[in-house]
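A short write-up of the structure that comes next.
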2 protein chains.
Amino acid sequence: MPSKASPPITIDAVYAAPGYLFRRMQQIAVSIFMEECKAFDLTPVQYAALIAIHTHPGIDATRLSAVIAFDRSTLGSVIERLQAKDYVERKPAPEDKRIKLLYLTKPGVAILREIIPAVERAQARMLEPLKPADRKTLMGLMSQLVDLNNEASRVPLRAEDALEHLGKTG
Amino acid sequence: MPSKASPPITIDAVYAAPGYLFRRMQQIAVSIFMEECKAFDLTPVQYAALIAIHTHPGIDATRLSAVIAFDRSTLGSVIERLQAKDYVERKPAPEDKRIKLLYLTKPGVAILREIIPAVERAQARMLEPLKPADRKTLMGLMSQLVDLNNEASRVPLRAEDALEHLGKTG
DNA sequence: TGTTGATTGACAGTATACTGACGATCTAGG
DNA sequence: CCTAGATCGTCAGTATACTGTCAATCAACA
């Protein structure tokens, strides 16, 4: 019985690895989200962006990327798509010509209200196979882990810091 | 205190949602993996593919996609990149002209042996912020959840079924 | 005030993911 | 034997992600 020698090079080791389980669960989560929300033609990322802009009207793209933890580079095209659907509008900031401020349009606010029940269903379905107590345990541990690992991936600002200049809307 | 009326439309609700935590954790996991393995120029997906081919030599692309749970469409380009790095070779199957069988090359086996310690470090780092008991709990719940949700995302075959025709190598 | 350094949004390049479609091929049924 | 349906690899199209770079702009300091 080898106690700690070289681990076996087998796919079974991968199945039990955290990285594999996180990737797989993310796939499943997106799939469930898309299924519940297919009537609305919004991706999880686009949904998160809408919510964040609703919470912080007038936020700029860089701060938005910190608030929902995704890449500045990617965010541009996400916003473009939301603009094309007429859910978001961009206004130049008067005091800083570099910045474009983001606001929800009326249709943007409307779709948000409509989609929320579907999103709630999706979130519930992701955890449905677990017993209620286990769901709570899992979410608690995931929250801790994401929080404590926050600096591990490129997020230029912590969400709280990102909002210092805004009026703390919300 | 409203008990269960319409939920608030706020970004804070998103932060506690399973979908957000899974997406964020996946980002973090990839980031840690790439950091630990940067000397090897292999992505998590490419690593999983190498391991799976090593475990099941002569597997074809469709079955491989089931074994590591990713999309058939995407797999083509992943294999191409592994082929370009001379880690994988593809041989036409004699009895079925549609199929191309996958094998690791000598450099493929070698890089696998070399990268494994780095991968182990990455996997450990992902869970490091948690107490040991909590790590175990989290992995147990994630395994359950992924397993029970397996059909939720498009995986054409369960891994076990996918391997019926192979000699159950491993 | 004038230049340095930081910030913003944009872009190019690479790598996953997923949908839907396609031709080539195999297999079963008639 | 020959056609209908399934399967294999591939490709086009869309959407995330991340690295690195760039011009325009701003802020701060000498």
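What follows is calculated from the coordinates using simple rules that are stated; it is not laboratory data. In this text the structure is predicted, and so the values were computed from the model without any measurement. All Cβ positions, even for glycine, are placed from backbone atoms using ideal geometry, and neighbour counts span all protein chains on display.
What FRET efficiency comes out for A:LYS100 versus A:SER143 if R0 is 35 angstrom and r is the Cβ-Cβ distance? Round to the nearest 0.05.
Rounded to the nearest 0.05, the efficiency is 0.60.
Which value, in debye to the nearest 20, describes the size of the charge dipole of the protein assembly as shown about its Cα centre when Lys and Arg Cβ atoms bear +1, Asp and Glu Cβ atoms bear -1, and nothing else is charged?
120
If we count every other residue with Cβ under 13 angstrom of B:ALA118's Cβ, Lys/Arg +1 and Asp/Glu -1, where does the sum land?
Summing Lys and Arg as +1 and Asp and Glu as -1 gives -1.
Assuming R0 = 41 Å, can you tell me the calculated FRET efficiency for the pair A:MET34 and B:GLU89, based on Cβ-Cβ distance, to the nearest 0.05?
Efficiency computed from Cβ-Cβ geometry: 0.70.
Round to the nearest 10 and give me the degree value, 0 to 90, for the angle of helix B:44-55's Cα axis relative to the longest principal axis of chain B.
50
With only Lys, Arg, Asp and Glu charged, each at its Cβ (+1 for the first two, -1 for the last two), find how big the charge dipole of chain A is about the Cα centre; round to the nearest 20 debye.
100
Can you list which of the GluC sites (Glu not before Pro) found in region A:23-105 are DSSP loop residues with at most 14 other C-beta atoms within 10 Å?
Answer in residue order: A:GLU95.
First check a/c for the protein assembly as shown, with a ≥ b ≥ c the square roots of the eigenvalues of its C-alpha gyration tensor; if it is under 1.5, answer rounded, and if not, answer prolate when a/b is larger than b/c or oblate otherwise.
prolate
Per the Kirkwood definition applied to all pairs of different Cα atoms, how many angstroms is the hydrodynamic radius of region B:35-104?
In region B:35-104 this quantity evaluates to 12.3 Å.
Measure nothing but the geometry: give the 0 to 90° angle between the long axis through the Cα atoms of B:72-84 and the longest principal axis through the Cα atoms of chain B, rounded to 10°.
60
Between B:PRO107 and the same site in the other copies, what are the distances in nm, shortest first, taking label points 7 Å from Cα along the C-beta direction?
5.2
Mind scanning A:LYS100/B:LYS38; A:LYS131/B:LYS136; B:LYS38/B:LYS100 and naming the pairs with a C-alpha gap bigger than 25 Å?
In this structure, A:LYS100/B:LYS38; B:LYS38/B:LYS100 exceed 25 Å between Cα atoms.
Between beta-carbons, use under 11 Å as the cut-off and find the net charge around B:LEU101, counting Lys and Arg +1, Asp and Glu -1.
Spelling it out: positives minus negatives among the neighbours equals 0.
Can you tell me the 0 to 90 degree angle between the C-alpha axis of helix A:18-36 and the longest principal axis of chain A, rounded to 10?
Once rounded, the angle reads 50 degrees.
Given an 8 Å cut-off on Cα distances and at least 6 residues of separation, report the relative contact order of chain B as a percent.
Relative contact order comes out at 28 percent.
Taking only the C-alpha atoms, wrap a convex hull around region B:1-124 and report its volume per residue in Å³ as a whole number.
159
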